[in-house]
1. With label points built 7 Å along Cα→Cβ from the Cα atoms of Arg62 and Asp5, find their separation and express it in nm.
2. Largest first, how would Lys98, Lys17 line up by accessible area (1.4 Å probe)?
3. Can you give the local net charge around Pro61? Use residues other than it whose beta-carbon is closer than 14 angstrom to its beta-carbon, Lys and Arg +1, Asp and Glu -1.
4. Using Cα-Cα distances under 8 Å and only pairs 6 or more residues apart, what relative contact order does the chain have, in percent?
5. If you stretched the chain out fully between Ser46 and Leu100, how much longer would it get, using 0.36 nm times the residue separation minus the C-alpha to C-alpha distance?
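The values are calculated or read from the model by the stated rules, or taken from the named source; none is laboratory data. Predicted model only: the values in this text are computed from it and were never measured. Positions of Cβ are backbone-derived with ideal geometry, glycine not excepted, and every protein chain shown enters the neighbour counts. These accessible areas exclude ligands, DNA and RNA; they are computed on the full protein's heavy atoms, side chains included. Shrake-Rupley method; radii C 1.70, N 1.55, O 1.52, S 1.80 Å.
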Amino acid sequence: MEQSDFIRRLVALRMRKGVSARDMSLSIGQSAGYINNIENGVNYPSMAAFFYICDYLGVTPREFFDTGTEDPAQIRELLEAVQGLRSEQLEHLIAIAKNLRR
């Protein structure tokens, strides 16, 4: 993932959470401008800080890098909710999802 893609993903997930860069920085135990510096391409987070960022955003590192999924936390919640459903119930949900995508 290119730095620009990393930045776009971080901004998108932070905005989806509805938090400012400053508040996020302070919430993960960093200086007030930490996330702003990352989003402006000044630096990358350390591996440990990246894990704190993912935890704060409610995503796994894998979900962070899955840029094809706009809201990975909701997708995970949906997958957890459908586990244990019968085949017929899953078929109905699949039909509903396909209909919603039209």
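1. Result: 1.8 nm between the two label points.
2. Lys98, Lys17
3. Taking every Cβ under 14 Å from that of Pro61, the sum is 0.
4. Worked out over the chain, it gives 22 percent.
5. 15.5 nm
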